[in-house]
Each structure stands twice: as C-alpha cells, then as structure tokens.
Amino acid sequence: MGLTESDDLALLQSSSSSDNSVTKKRTGTIWTATAHIITGVIGSGVLSLAWSMAQLGWIAGPFSMLFFAVITLISTFLLCDCYRSPDPEYGPIRNRSYTEAVQLYLGEWSAWICEVCMQISFYGTGIAYVITSAICLRAIERSNCYHKHGHDASCEFGDTFYMLLFGVVQVFMSQIPDFHSMGWLSVLAAIMSFTYSSIGLGLGAAKVIGDGVVQGSIDGLSASSSTQKLWLVSQALGDIAFAYPYSVIVFNIQDTLRSPPPESETMKRASVVSICITTFFYLSCAGFGYAAFGDQTPGNLLTGFGFYEPYWLIDFANACIVLHLVGGYQVYSQPVFAVADKWFTEQLPDSAFVHKHYRLKLPLLPALELNLQRVCFRTAYVASTTAVAMMFPYFNQVLGVLGALNFWPLSIYFPVEMWLRQRNIRAWTTTWILLRSFSLLCFVLTMFSLVGSIEGLLAARFS
C-alpha cells in the first residue's frame, strides 16, 4: 500500500530502520553527491577568505585552510562509516539523518543535544545566506552607480530591501518537498559557485599580474594592539571554520545514493573530489585576493570594491553568488523542514491542516504538492531568518560566530564518538588516544575562535 508524501517526510527523519522500509528510490551518484556537497560548502564563506588570509599572513593563512580541509575530510570519513549499522557498508540499519545516527550510537540525551546544535547551525547558515545575498545585490547596484557616476561618487545603498527580496524568493523555493527533489537545484548552484569563484580568482590574478607586485606579508595585517590582533586572528579562523564543514548534511546526501557500490564508498569519493576542488578555489581566491590588495583586502572579495571594472563582470559574479545562495539556503533548510513535517505529522495525525494536499502548477515549473502546514511553517521560518539578518547585517563577524559555534560539536565531537562506539574501540588504545587528542585540539581551537568572533560581532553591533 502506498504512503502519502507526509509519510515519506516522516520516514526521512524517522528512527533507524531497515532497507525494507525505504519508500524513496535512491538514484544518486558520486556526481550528484559532489554537486550537493559543493553547493553546501562553497557559499558565502568563500568571499571572506581573502580577508582571513590578510589577518593570518602568507604562512598561517594557507596552512589554516589546508588544516581545516584535512579536518573536514577526517570528520566526513568517520560519518560515512556511521550511515549503516552495524556494518559500515552492508549493515541493514540506515541512519537517514545526523540526529538519528547520534541517537543510535550515543543515546537519547546526546541526540537531543545534537538536534539543538544542528538546528542552530541550519538556522544560522540561513541567516548568513540572507546577509550575503543582500550584500551581493547591493553590490550590483553600487557597481552600476560607480560605472555611471565615477569611482568617487557617493553610491551608498541599504540592505533591507534586498534581504526582503531574497526572503520572498525563499518562501517560494521552500515549497520544494524534500532533499530527494533538489538534485537539479544543487547542480545549478554548484555551477554558479564555480563561476563566481573563477571570476574572483581571475580578477585577483589579473590585478597581481597587472600591478607586477605581490602584496601582503608573512605575519598578516598589523593591528593597533596585540589584543586586537588576537581578536582578528580568531575571527579569521572562525571564518575559515564556517567555510569548510558540511557534516550536518552528510547523512541526508548519503541517503540519496544508490548502491552498489556501498553508499559509504561513494560518499567518501565524492567528499575527496569536493574538498579538493573546494580547497583549490579557496586557496586561489584567498591567495590572489590578498596578493592583489594586501592590508587593504576587503571583507568580501567581490562586494568590497577592490575591483570596479569590468563592472558587467562584477555584476555577473554577484548574480551568480545570489543564484548559488538560493540553492544553498535550501540545502541547509530542508533538514529543518523535514523535522518540522515529521513533528506535525506525529502530533496531528488526523488534521487536514497537515495532511490535505493541494496541487499547484506554475508556468515553466514542475508541479508542487502543497499543504497549509508546510506553507505556514516554512514561510515563518524564512521570515525569521530574514528578520535576524536585518538586525545583525555583519558579514565577517556573523560567519566567524557561526563557524566557531558549530565546528567542534557537529564536525568533531559527535563523529569521533559515534565512530569509536561503532567500531568498539577500547579506551586508551592507540586509536582511542589519537582521536580523543584530535577532538581536544579542535575544541581548544573552537573556543579561541568563538570568543574572538563574539567580541567582533558585539563591537560591530554597538559601535
């Protein structure tokens, strides 16, 4: 007997269950997984990395990016092995979400803590994407103004209108049923990310070659005091931490993959490909941006107006960023929507508000199956992220706080603990000591970044 769409959504986040309960046909490949990962990873964070490089300098900057790339791969590999249980490749139990896996391996209390951290991460990323999209749309208007009136013209515009515009678009995009229906959007978003990253890289390289000078220094930007320098370094590390990890969506992506080969094998290969591509673009954009501007490197490479011409290319790059963020916002919002749909289904099993569907067909777009619960909750969610973004429209500081806040618990602690539990690693063995030491090191780094990033956010808000 067939299940309703609400039942499918409930299954997406349900308790660990066998393959026989699967109702969604898994057709994903290494390429769709790679597209999903790149969409989730290369987002607003890439444009802050030249600024981060400027704070850290030519040695610590590249090293930090490679360090976080390796950490991200280690974390992802640990998570990939936890998708199936008890065997990582052929176990009959699938963990279709991050929280589901934590509950299976670590228990109910850990799952509750994980769920809170995840929702904060998803919600915060949505806020960051609203901020970044508004900055990019405003940059297009400013670019056209500078081109028309000269580089010394007063071309100052607010963010509020563009945040509201992005929010309206997301209200419609949020009616996409679930992750299984997002393959086309992730592919489009991944193409956009390659496009604007390449433009930023090319503009930076062209300026370095044109000037004939590589700017920057070994120790990075000078600050008014050692304390201020410490805060800036911590914010830079927070920005890099935000730019890399995608642990919260690993299971959702892996659950779309067909098998054979085992999903863990495909996901690991997709992760290696994605992180290599991402790291190349990150190092290139950050390196050429810092080499081009040195101590004057803007907080956002394409919207800080280190570049003015060709204005049409800058406009196109910023438009690509916005299109990418439209998809990226959904990648990080769909897991929240799935949890909400599951909760409403369980609490209101007989309610027409939850279960009655309406078919909507718009020109040139695929038909959507809507219900009032989905429309109301998702609209309210988008409105709230937009409202918070309007209150704290500080790009680098917000990214730093989000990166530091979520990096250790979701990308380090839970993956390490789940893997140790699944493999039954005994305490004080070599593997146990190495992984626990790895977790402790990342915890110290996270606390350092978090304190500095919060200081920067409060200073920006109340200055």
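The values are calculated or read from the model by the stated rules, or taken from the named source; none is laboratory data. Keep in mind the model is a prediction, meaning the values are calculated, not measured. Positions of Cβ are backbone-derived with ideal geometry, glycine not excepted, and every protein chain shown enters the neighbour counts. Accessible surface areas use protein heavy atoms only, side chains included; no ligands, DNA or RNA. Shrake-Rupley method; radii C 1.70, N 1.55, O 1.52, S 1.80 Å.
Calculated accessible area for the chain comes out at 41 Å² per residue, all protein chains present (probe 1.4 Å; ligands, DNA, RNA ignored). Normalised by residue count, the range 262-302 yields a Cα convex hull volume of 68 Å³ per residue.
For GLU455, the solvent-accessible surface computed with a 1.4 Å probe is close to 60 Å², ligands and nucleic acids excluded.
Mean separation of Cα pairs under 8 Å and 6+ residues apart, divided by the residue count of the chain: what relative contact order is that in percent? Once divided by the residue count of the chain, the mean separation gives 33 percent.
Taking all protein chains together and rolling a 1.4 Å probe, ILE30 ends up with roughly 30 Å² accessible.
Under unit Cβ charges (Lys, Arg +1; Asp, Glu -1), what dipole magnitude, rounded to 20 debye, does the range 217-274 have relative to its Cα centre?
Details: 4 positive and 5 negative charges, 11 e Å.
With Lys and Arg at +1 and Asp and Glu at -1, about 60 debye.
The alpha-carbon atoms of the range 99-160 define a convex hull whose volume equals 93 cubic angstrom per residue.
Let me make sure I get this right: for the range 192-236, a, b and c are the square roots of the gyration tensor eigenvalues over alpha carbons, sorted descending. Under 1.5 in a/c it's rounded, otherwise prolate if a/b > b/c, else oblate. Which is it? Taking the square roots of the gyration eigenvalues as a ≥ b ≥ c, the range 192-236 is oblate. Note on the range 37-107: along the principal axes its Cα atoms extend 48, 22, 21 Å, ordered by decreasing extent. For ASP239, ASP295, the ranking by accessible surface with the largest value first comes to ASP295, ASP239, using a 1.4 Å probe. DSSP finds beta bridges in the chain, and of those with both partners inside it, around 90 percent are antiparallel. Given +1 at the Cβ of Lys and Arg, -1 at the Cβ of Asp and Glu and no other charges, the dipole of the chain around its Cα centre is 380 debye to the nearest 20. Where in the range 51-69 does the amide nitrogen come within less than 12 Å of the point 7 Å from the Cα of VAL214, taken along Cα to Cβ? Once the point is set 7 Å along Cα→Cβ of VAL214, 58-59 turn out to lie under 12 Å by backbone N, inside the range 51-69.
Show me the helices of the chain, taken as full DSSP H stretches, that run 27 Å or more along their long axis by Cα and average -0.5 or above in Kyte-Doolittle hydropathy. Can you show the working numbers first?
On the way: long enough: 49-80 (34 Å, 1.68); 108-149 (61 Å, 0.31); 183-211 (42 Å, 1.16); 263-293 (44 Å, 0.72); 311-347 (53 Å, 0.49); 372-391 (29 Å, 0.80); 430-462 (48 Å, 1.44).
Both cut-offs are met by 49-80, 108-149, 183-211, 263-293, 311-347, 372-391, 430-462.
Of the solvent-accessible surface of the range 263-351, computed with a 1.4 Å probe and all protein chains present, 64% belongs to carbon and sulfur.
Quick check: from the Cα gyration tensor, does the range 307-463 come out rounded (a/c under 1.5), prolate or oblate?
On the way: a/c = 2.09, a/b = 1.22, b/c = 1.71.
Oblate, since a/c reaches 1.5 and b/c is not below a/b.
Counted over the chain with a bin width of 20 Å, the fraction of Cα pairs per bin, in whole percents, is 25, 57, 18, 1. Solvent-accessible surface of protein heavy atoms, probed at 1.4 angstrom with all chains present, puts ARG359, ARG96, ARG26, ARG423 in the order ARG359, ARG423, ARG26, ARG96, largest first. Accessible surface for ILE191 stands near 90 Å², nearest 10, in the context of the full protein assembly shown (1.4 Å probe).
For a test of the definition: using alpha carbon positions, the gyration tensor, and the 1.5 limit on a/c, classify the range 232-375 as rounded, prolate or oblate. Taking the square roots of the gyration eigenvalues as a ≥ b ≥ c, the range 232-375 is prolate. Relative contact order for the range 323-423: 14 percent, from Cα pairs under 8 Å spaced at least 6 residues apart, divided by residue count. Note on surface exposure: ASP152, ASP341 rank ASP152, ASP341 by accessible area, highest first, 1.4 Å probe.
With an 8 Å cut-off on Cα pairs and a minimum separation of 6 or more residues, tell me the relative contact order of the range 29-126 in percent. Could the numbers behind the result be given before it?
Working: 41 pairs, mean separation 9.5, N = 98.
Value for the range 29-126: 10 percent.
Unpaired cysteine residues in the chain (no second Cys Cβ under 4.7 Å): CYS80, CYS82, CYS114, CYS117, CYS136, CYS276, CYS285, CYS320, CYS376, CYS442.
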